[in-house]
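The values are calculated or read from the model by the stated rules, or taken from the named source; none is laboratory data. Just so it is clear, the structure is predicted and the values come from calculations on it, not from any experiment. A quick note on method: Cβ atoms are made from the backbone with ideal geometry, for glycine too, and the neighbour counts reach across all protein chains shown. Areas reflect the complete protein model, heavy atoms only, side chains present, ligands, DNA and RNA absent. Shrake-Rupley method; radii C 1.70, N 1.55, O 1.52, S 1.80 Å.
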Amino acid sequence: MNYESNKPSKADEAEVVTRTFNIHRFDPHPRRKILIIHGEVLITISNPLCPVVLAEESREFKKLISLENLFPTTPREQVIDSVLRECPFINPDMRLHLAVTIDFLKNRQYDDNGMVITPSTSLTEREKYSSGNNAKVNQSTASTPTGDFPDFEVDTISASQQGTFSTSANTEAELNEKVDMTRLDTYVELLYEDDLSEKARGARCIAKLAKISENLAVIAYHETALNALFRTLREEYRKSLDLTTHIMSTCLSYAQFTDFHPILLTNKTCSITFDLIEFELQRYEKWRLEVARRQDIVENRSEFPGSAGSFQKAKADFERMRVKFAEVTRKQDHILALAFEVILYLAENHGLQGEILSRGVVPMLMDTLSRKNIDLLKVGLKYLKDLSYYLPCKVQMGQLYITEKIAQLLDANIPNEIIRCCLDLLFNLSFDTKLRHKMVMFGILPKLAFYLEDTVLENVTRKLLYVMSMDRRVRPRIASLPQILPVLIQTLNENREEPARNSLDVAGILINLATNKKCALAMCDKTTAGNGNNNLVTFLQQSFESEDEIVMKIVRNLSAHSNTKEAFAPFICDLARAILDATSEEFVLECIGTLANLDLPNIDFSKLLQEFQLIPWIQAIFDKFLSTNLNLNRTKSASSSRTNANNNNSNSNTTNHTSLLTLEVVILTGTCCSDYECADLLIQEGILDQLIKILITTSDLGLKSQVLYVFYKMCSHSGTKQHIQERTQIPKIVLELLQHENLEVQQLCEGIMNQFGETDEAWMEKLREKRFRFFNEAWIEMTERSVDDDDPYGFTYGNTREKIVIDMGPSSTSETLMTEDDSGEEHSDLEVDKDDEQLLQERGGRIRGENNTDKAGSSIFDRFKAQYEREMRAKEQWDRREFSDEEDDEEINNGELTLVKNRAKSARRIKK
C-alpha cells in the first residue's frame, strides 16, 4: 500500500515532503513475540508552486512491533486490528499475510521471559512449502512441485537494493550500522580476520558502500579492496552464506556498469560464480535427501515399538532440521539470485557467451523455476528469455520440459511481474511448433483468456495469442474457449472511433481466427456485448463507416466458409455500392474479395452487375491493366540508363496495385460466371476478349490461372462453351498451355479440354495425343530424329566401325548389301543370299519389309505400337538364348561359317 504524508520542512515552508510506503512482507522474530515489518519508503520533496520534483530518495525500512500480550487464546482479529491501528500505512488487503505470521507467533512455545523454547510443531503453510515442496528442486525431469503456492516471500535483496542482506536472525544493530567511505581501509582489514563473522561484517560494509555509484570508482582503485574481496570469495564461499551474499552484492554493483567488466573478468568472477552455483545446488540436494530420510523415519512409527520417548525425540530433531533447511534454502535463494544476475550482466561480453553455455547455464536456470523466491524467479526467467533466442538453448529448454514447468508456475499464486516474465518467455518459445503445441497440451490457452482482462498483462498476452493463432491446428482450440473471442471483439468495438490499425494485435488475431471454419461460425453467431446486432453486422458497420480495410479483411475471411456465406446475402448490394463509392484502394480490394467469395446459387449476378453498372467499371480496369502492361514492356525494351530511379519506383508501385486490382476483379468475374446469364452477358460486352488478351500478355502465374478458371466456368454452360469453341482462340491457346511448367495451369487446361470433349470427340483425341506427347517426349524425339534418309528410325547395329543398311524394294528378289570397312572403302553390288538375310535377322538387324510401317502415313500411336512389338520380340528371343546357351553358340558358329563362305564366293565372282 502507498501511504502518503505531507509535512512542511522547517527550512522552507513552501516545500512539501511526501513519504510513500510500500510493504514487502511480515516476518516473525526468531526468539521473541515481535512482528517484523519489511518495506520501502519513497521520500519526495516538491514545491506546490513548481510542478518539478526537487528531490527523491528511496530507502528501506524495518519496523518492530512488540506483541508481549499475545497468548494462544488471544483472538487473532483483535491482534490484527491493533497492528493496523498502530501502522496505518499497511494495506488492509494484506490481512491474510498478517494473519499467517501472527498465528505462527501464537503457536510457538515461550518461557516465562517471553523467549522461544522450541519450534512450534504446528507449522505454517510457508514452512510446509519450504520443507516439503522444495524437495523437488534439482530434478532433471518434468516433475515440479504440485499444487498451488500459498504465499511468496519478497526478498530484501533485489536489483535496486544490492549490498544489503538481512534475515530475521540479524540484529537491529547490524541492520542500522552506519558506513563511511573514510573507513574503507578498516573494512578491508576485517576481510583478513580469521573470524567469519568479522569477515562478513567487513563485506557487508563494503557492499553498502558499493550501493552508491559514486563510490564504485574509489573502491575499484583502492590498493587491496577488490583483491581482498575476490580472494575471500574464492576461499570462503563454502563456509558462510552471509559472507558470500555480501560479496556477490558488491560484484552485482560493479556488473551493472560495463566500464567495470574488465576488472571482474580479470579476477575470473564468471568462473567463480559458476563454481558457487554448482556447490549451492549440490548442497541443497544433500540437505533435501537428508530431510526426506528423516521424514520417512518419523512417518514410519513401526521403528519405535513401545518407545514413545525416542519417537518424540526423533520428531523434534526432524522439526529442527526442517526449520533449518527452510532458512538455508531462503539464504541460498538470495545468493543464487545475485549470482545469476551477475552472469546475466557479464554475458553482454560476446567472448564469454561460449564459456557460459559450456558450463550448463540452461539446466541451472531450469532448476530456479522450482524455487519460490521472487527475485530468483525474475532473474531466472529473464535470463531464459535472453537465451531462448539461440536455437541450441531453445532445444535444450524443450528437452528439460520448459513448458510444463511454466504451466505449473502459472497455476500458483504469483505476482503479475513474474507472470509477465513467464509470458515473455512463452512468446519467444511459441515460434517453435513443438513447444507451441505443448503449450496447448498443458493448458496455457485458458490462462491466456484470463490474462486478456488484466491491463498489465494484456499486451504480451495478445502477442502470444497472435503467434498461437497463426497455427491452423491451434485455432480450433482457441475457438473452443468461450472467454477469448468475446474479449477480443469487445476490445475491437470499443475503439470504433479509431482505425483498427491502432489495435493491430487484436485485429491480427481475429483475422487469423476467421480463416478457421469453427472460429468463423462462432464469430458470426455470437452477439456483441451491449448491442442487439450480431458481430457480422457490427464488423460491416464499422468497416463501411471508416473504410477500415483491416476490419474488412476480417469480413473477407469470414465469407470464405460454406457455413457462413448465407449470412452475407443481405449485404450484397452494400458491398457492390462500396466498390464504386469507396476512396480507399485497399478497402476496395477487400470488398471485391469478399464479394468474390459469395458464390451462392440464389444470387443473380447479371442483375447485380447491370444495376450497379459494374461492367463498364470492369472494362475500364482491364483496359488500364493492358495499357500499363504494354507500357511496361516498352520500358523494358528501352535503354535503362535513361530512366529515373524515382520514376521507376512510382511506376512499379502503380503497376503492383493495378495487378492486384486486376487479379481481384478476375476472381470476381469467375464467381459471376457461375450464373449462365451473367456469363453470356460478359461475352456480349466484350469482357471475354479482354481476358484473352490478358492471358496472352501477362507473365503472372496467379493471374493466368484465374483467367483460365474464368474460361473453365464459362465452359460449364453449353451455350457459352459453343461460342468459345467456334468463335475464339481459346482452344488453341489452351492446347499450347497443356505443356506449361505450372501444374495448376496444366490442370485447368485439361479441365477445359475435357469440357470440350464432352460434345466433340475430336477434342478428346487431341487431348490424348497432347498428353502422350508430353509424357513420351524423349521417345518421340528419338523416333523423329533420322540418322540417314533411308533409315527413318535411325537404329544402328554391330560395332561402331561397321554399319549395315538393308534396302528391300517391293519387287526385288535380291538384296544389295553395302559395307564400310575400317579403310573407309565402300563395296557394293554384292548379292546376299536368303541364308545371309535370315542370319542378319537373327543377329538383331532390321530389314525393311511388309511388317514395317511407313513413317509419313502412320500415326504416332501405330509407330509406338510397332516399336513396342519389336522390342518385345527381341526380349523373348534374348530370354530363349539364356536358357539354351549351347545351342545358341553352335548356331552362331554355323552362321558365321556360312557368312564367311558366302563372302568367299562373292570374292571369286569379282575375280572372274
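How about region 341-379: which of its residues are part of a helix (DSSP H, G or I), under 20 Å from HIS24 (Cβ atoms) and not β-branched (Val, Ile, Thr)?
First, pick out the residues of region 341-379 that are part of a helix (DSSP H, G or I): 341-346, 350-358, 361-368, 374-379.
Subset that is under 20 Å from HIS24 (Cβ atoms): 341, 374-379.
GLU341, ASP375, LEU376, LEU377, LYS378, listed by residue number.
Among the residues of region 337-345, is there at least one that is buried (at least 17 other Cβ atoms within 10 Å of the Cβ) and closer than 27 Å to PHE104 by Cβ?
We begin by selecting, within region 337-345, every residue buried (at least 17 other Cβ atoms within 10 Å of the Cβ); these are 337-345.
Subset that is closer than 27 Å to PHE104 by Cβ: 337.
The answer is yes; a qualifying residue exists.
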Legend entry - Pair list, Cβ under 8 Å, 6 or more apart: region 213-239 residue under 14 Å from ILE272 (Cα atoms) and in a helix (DSSP H, G or I), other residue among the hydroxyl-bearing types (Ser, Thr, Tyr) and open to solvent by less than 60 Å² (accessible area, probe 1.4 Å): LEU229/THR250; PHE230/THR269; LEU233/THR244; GLU236/THR244
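Right, VAL41: among the hydrophobic types (A, V, I, L, M, F, W, C), out of contact with any helix residue (DSSP H, G or I) (no Cβ under 9 Å at 6 or more places or on another chain) and at pLDDT 80 or above or not?
Answer is yes for this residue.
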Inset, instruction - Would you be able to tell me the number of residues in region 87-103 that are closer than 15 Å to LYS33 by Cβ and open to solvent by 30 Å² or more (accessible area, probe 1.4 Å)? - result: 1
Legend entry - Subset of region 388-409 [open to solvent by 10 Å² or more (accessible area, probe 1.4 Å) and hydrophobic (A, V, I, L, M, F, W, C)]: LEU391, VAL395, LEU400
Legend entry - Subset of region 537-580 [among the small types (Gly, Ala, Ser) and touching a Cys at 6+ places or on another chain (Cβ under 8 Å)]: ALA567, ALA578
Inset, instruction - Answer yes or no as to whether LYS447 is within 27 Å of ASN535 (Cα to Cα), part of a helix (DSSP H, G or I), within 20 Å of the chain's Cα centre (by Cα) and among the basic types (Lys, Arg). - result: yes
Inset, instruction - Residues being open to solvent by less than 50 Å² (accessible area, probe 1.4 Å), without any contact (Cβ under 8 Å) to a residue 60 or more places away in the chain and either closer than 20 Å to PRO363 by Cα or not aromatic (Phe, Trp, Tyr) (or both): count how many of those fall in region 240-270. - result: 4
